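Structure, as structure tokens:
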Amino acid sequence: MGETRLLFYSEGLTMTGYVTAVVAALVFLAVLLHGVIRSAGSGEGGGGGEAGAAEPILPMWQVTVGLALAALVFLMTWVAAGDSAWQVQLTLMGLVMLACGVWVLFFYLRVFNYLGRLPMAGLLAMRLVAILLLVLLIFKPVLSFEETLEHRTDLYLLVDASESMSVSDYPDTPHRLSLAARQIEEYLGRLQTAFEVKLFWFDTRAHEVQQGRWPSPEGDATNLARAVKDVLAAARMIDTSGVILMSDGIHNAGGDVVKEIAALGPPRIYTVGIGTDLSAQSGYQDISIENVRAPEESTVNNIAKLTVDVEAVGLADRGIQVELREADAPLASAPLRLDAAPGSQSVTLTFTPETVGRHTYTVRIRPDPAERRSENNQRDVHLLVTDPKIRVLYIEGVVRPEYKPLKSVLETDPNVELLALVQVKPGEFLQSGSMTGVTLTGFPQTLEDMRKFDVYIVGDLDRSYFSRQQLDNLKTAIAEGRGIVMIGGYHSFGPGGYEGTAMEEILPVAVGPRGIGQETTPFVLRLTPEGANHAIFHGTKDFFQYQSDAPRQRLPYLRGCNILARAKPGASILAEHPERTGADGPLTVLATHTYGKGRAAAFAADTTCQWYLPFKAMGRESPYIRFWGQMVRWLANKEIKAQSDEPGVDLLVRKPYYNPGEKVLVRAKVRAEEGRATNFATTTGALRGPANERRDLSLALVTGSVGVYETTLEALDPGTYKVLVEAKKEGVSLGKAEAEFTVGRPNQEFDHLSINRPLLKQIAQATGADYYEPAAFGDLVERLRTLMIKEDIHREVGIQTVPGLFPILFVLLVAVVTGEWLLRKYYQLN
């Protein structure tokens, strides 16, 4: 829209008109009076003289026209004095110019015959130009252009297309996405008259609508914050009037969605709630599994429990069965009587996993014929079934200083289940420890009971407490792949009467006779080269004497040790007495070997408890805790599964399944030369997502660890992901590893089907906008149309606005008037 006007800035506009009219009237009245007088004088002097022949200054008709124009200018000035409209002022200016031009023409016609056509035309033109310049200088007209522009900004319509939008809130009605599309189709034309409308749909990401066609509501999760972020990334923020978000408000990507959206600094987000509160509908019936509370990890052949939260609407006093299945095999079930109270009810399912590995179980409730949707009647549960606990039997013949700290360390080891037996009276043993489900009154009698343990620690216990059958069963159990260590004591090894028994056959040393004796000189262990590199002493070598080197961090002395007859052929001697020798050389303190598929160790010392308190503040890095922890793991043959003699990378993603919004911890254990963990590797990786998109990763060394690197992944969309990790040291690759996990689960969009109005209202309020129901969508459209940006443009062109134009016109006026005056003199005109 635009308008062009002529403005006048001369304050003497009306005065100029009056003066012009009065002066012209007086001039023509004088000419008229002069003519009348001349006519009267001619009549008195008689007819026929020269005076009677003199012509008047102007013919009577010209005098009449001149007076008439003066009167018209006067009247027009009168009108202009009371009306400032530019049309009136322009008319006055034009009339003045016309009158002046006519008047000049009348006077110059008198000399036409004298001058001739060309000179008179030149003088007349100069006079008219002078009049025009004079009028322009007096009136100072300005052309004013005024225009109102309507600036069309962008408006984004963001529509939820996740699976929850496939819900029909009432029987025989279109689903939610279809209703939203109808609203947009009805009002899109009106919005497009005021805005550049951009259409987007979203589930976990926003996508532009192609060719006006909305997708099917099939998105398996909803991320409102990510969708808004995607739209803003494509928007011209300065030219965006707002966003219309049409959704049922079901957000299942985790996080504080309102805070995340507000942090983006978005334009106003007007939310439109699509859907109803189904639970409030009369006659609505539904059963849903709201949550399944299950451990992430369970132990094979042990009882596992899952708690299922069930919510029902409109089905009070109905009996249902909650089932747990793996594939098609039923594992457990429990009855539940539904009540009418709001909120969920809980039921516990108990089962026993029988195989190690990752398992996917399904909790389900058979759909009731009255239910409108059945997708929320089942949930998958992922459980890692392991046998990670090293089951240790520790038996002592007496309560001695070594017993309590060793029992405490093993009892608190997260990878150990301990059953400790200590003799408190002759033949009476007290049981304690972290192991449950097993009760013993002494060393196990049967092979079946012995097979329940992975490692046996035999302390100061005389041979007389074992039957021949028990020792034979023990020999069988170790040969099958278990481990045993005998600790020094007054009733251990030879002094305990084990010479010639199955126990001596198992151990890596010949124990000697009962009278072999004890070595009581305090000492610090001296490691052999094999011991310094053995898994039992990993990370603790600096605490012990090695070859001729004194320990860098001195341990309290051991108070003595058993004297062992000799090490068996093929046994590994890991530690010796630094000062005392026997027939075969330095006294053996620690020796190991394999027995069948199992492992056995003979540790002749009995006072490692001396190491416990001084280094207790070091936690699990204490040499005492590391020594015994690594001893148990080596005996259980567990470290072979976790270590290798070659460089490499072991990659761990704790779970195969994560909830949307849940953080994913990626951890890598890096080995360098000889399979040893290293803290000097550069560990990088990549994450490939559901659409094969790539994201680079950098894993950082975990503080206080050896060779453990990790990173945390956040804000992952639902789908299957693959992590690939590579470690390098000094530019040389140590190895690669990969792992796979999944974010999201089937049917999570149907966990809660009712509209989440409070969330949509909070989003709108956080961005300075309002929430609307679908029925008020037209009101929102009209409100937005009033927000169209209008811009008034004003431009002026005239004498006042062009710098230097007024002096130029004035000089030109003086030049024209002077030129005319000179020509008049030249032609000898009055």
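Can you tell me which residue is farthest from THR608 (Cα to Cα) among those in region 400-438 that are in a loop (DSSP other than H, G, I, E, B) and open to solvent by less than 40 Å² (accessible area, probe 1.4 Å)?
Among those that are in a loop (DSSP other than H, G, I, E, B) and open to solvent by less than 40 Å² (accessible area, probe 1.4 Å), it is VAL438.
Within region 759-781, how many residues turn out to be free of Cβ contacts under 8 Å to residues at least 24 places away in the same chain and not polar (S, T, N, Q)?
Looking only at region 759-781, we keep the residues that are free of Cβ contacts under 8 Å to residues at least 24 places away in the same chain, and these are 765, 775-776, 779.
Filter once more, so that each one left must be not polar (S, T, N, Q): 775-776, 779.
Of the residues in that region, 3 qualify.
Of the conditions (1) over 30 Å from HIS534 (Cβ atoms); (2) without any contact (Cβ under 8 Å) to a residue 24 or more places away in the chain, GLY661 clears all except one; give me its number.
Of (1) over 30 Å from HIS534 (Cβ atoms); (2) without any contact (Cβ under 8 Å) to a residue 24 or more places away in the chain, only one is false for GLY661: (2).
Please determine, by comparing only the residues of region 802-830 that are outside any helix (DSSP H, G or I) and closer than 18 Å to LEU134 by Cα, which one is modelled with the highest pLDDT.
That would be GLY804.
Could you check region 592-628 and list, in sequence order, the residues that are surrounded by fewer than 21 Cβ atoms within 10 Å (Cβ to Cβ) and of a type in the set (Val, Ile, Thr)?
Answer for region 592-628, where residues must be surrounded by fewer than 21 Cβ atoms within 10 Å (Cβ to Cβ) and of a type in the set (Val, Ile, Thr): THR594, THR607.
Which of the residues belonging to region 575-585 are open to solvent by less than 20 Å² (accessible area, probe 1.4 Å) and either within 12 Å of VAL509 (Cβ to Cβ) or touching a Pro at 6+ places or on another chain (Cβ under 9 Å) (or both)?
HIS577
Within region 646-675, can you find the residues that are open to solvent by less than 60 Å² (accessible area, probe 1.4 Å), farther than 21 Å from VAL732 by Cα and assigned to a strand (DSSP E or B)?
Across region 646-675, the qualifying residues are VAL653, TYR657, TYR658, VAL664, VAL666.
Given (1) of a type in the set (Asp, Glu); (2) open to solvent by less than 30 Å² (accessible area, probe 1.4 Å); (3) free of Cβ contacts under 8 Å to residues at least 60 places away in the same chain, where does GLU710 come up short, assuming only one miss?
(2)
Name the strands (runs of 3 or more DSSP E) wholly inside region 198-286 in which the number of residues that are open to solvent by less than 40 Å² (accessible area, probe 1.4 Å) is 2 or more.
240-247, 269-273
Specify the residue that is least open to solvent (accessible area, probe 1.4 Å); the eligible residues are those in region 381-396 that are under 22 Å from LEU652 (Cβ atoms) and of a type outside the set (A, V, I, L, M, F, W, C).
THR386
The rows are residues; the columns are (1) of a type outside the set (Val, Ile, Thr); (2) closer than 28 Å to ARG785 by Cα; (3) more than 31 Å from the chain's Cα centre (by Cα).
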residue	(1), (2), (3)
GLU163	yes, no, no
VAL167	no, no, no
PRO174	yes, no, yes
ALA194	yes, yes, yes
PHE200	yes, yes, no
ARG213	yes, yes, no
GLU218	yes, no, no
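Quick one: which strands (runs of 3 or more DSSP E) sit completely within region 292-391 and have at least 2 residues that are free of Cβ contacts under 8 Å to residues at least 12 places away in the same chain?
Strands (runs of 3 or more DSSP E) meeting the threshold: 329-337.
Just the residues that are open to solvent by 20 Å² or more (accessible area, probe 1.4 Å), touching a helix residue (DSSP H, G or I) at 6+ places or on another chain (Cβ under 9 Å) and at pLDDT below 90, please, taken from region 719-750.
PRO746, ASN747, listed by residue number.
Restricting to region 746-776, what's the tally of residues that are within 19 Å of LEU155 (Cα to Cα), touching a strand residue (DSSP E or B) at 6+ places or on another chain (Cβ under 6 Å) and hydrophobic (A, V, I, L, M, F, W, C)?
4
So which residues in region 190-248 are modelled with pLDDT under 90, under 22 Å from SER164 (Cβ atoms) and aliphatic (A, V, I, L, M), if there are any at all?
Within region 190-248, just ALA221 meets the criteria.
With the requirement that a residue be more than 48 Å from the chain's Cα centre (by Cα) and among the aliphatic types (A, V, I, L, M), what does region 396-432 give you?
VAL398, VAL399, ALA420, LEU421, VAL422, VAL424, LEU430 - these are the residues of region 396-432 that are more than 48 Å from the chain's Cα centre (by Cα) and among the aliphatic types (A, V, I, L, M).
Of all the helices (runs of 4 or more DSSP H) wholly in region 1-106, which have at least 1 residues that are at pLDDT 75 or above and open to solvent by 70 Å² or more (accessible area, probe 1.4 Å)? Give the steps one after another, and end with the answer.
Values: elements: 13-44, 50-53, 60-81.
Answer list for region 1-106: 13-44, 60-81.
When you scan region 689-702, do you find a residue that is β-branched (Val, Ile, Thr) and either closer than 13 Å to VAL743 by Cβ or modelled with pLDDT of 90 or more (or both), even just one?
The answer is no; no qualifying residue exists.
With (1) surrounded by 15 or more Cβ atoms within 10 Å (Cβ to Cβ); (2) small (Gly, Ala, Ser); (3) closer than 30 Å to GLU646 by Cβ as the list, and ALA764 as the residue in question, which single condition is left unmet?
(3)
Return yes when GLY515 is of a type in the set (Gly, Ala, Ser), modelled with pLDDT of 85 or more, open to solvent by 60 Å² or more (accessible area, probe 1.4 Å) and part of a loop (DSSP other than H, G, I, E, B) and no when it is not.
Spelling it out, it is not the case that GLY515 is of a type in the set (Gly, Ala, Ser), modelled with pLDDT of 85 or more, open to solvent by 60 Å² or more (accessible area, probe 1.4 Å) and part of a loop (DSSP other than H, G, I, E, B).
Taking the conditions exactly as written (part of a loop (DSSP other than H, G, I, E, B), open to solvent by 30 Å² or more (accessible area, probe 1.4 Å) and modelled with pLDDT of 90 or more), does PRO569 satisfy them or not? If you could, list the steps in order and put the result at the bottom.
Working: part of a loop (DSSP other than H, G, I, E, B): yes; open to solvent by 30 Å² or more (accessible area, probe 1.4 Å): yes; modelled with pLDDT of 90 or more: yes.
Against the criterion (part of a loop (DSSP other than H, G, I, E, B), open to solvent by 30 Å² or more (accessible area, probe 1.4 Å) and modelled with pLDDT of 90 or more), PRO569 qualifies.
The values are calculated or read from the model by the stated rules, or taken from the named source; none is laboratory data. Since this is a predicted model, take the numbers as computed values, not measurements. We place every Cβ from the backbone using ideal geometry, glycine too, and count neighbours over all the protein chains shown. Quick note on the areas: whole protein, heavy atoms, side chains included, nothing else; ligands and nucleic acids left out. Shrake-Rupley method; radii C 1.70, N 1.55, O 1.52, S 1.80 Å.
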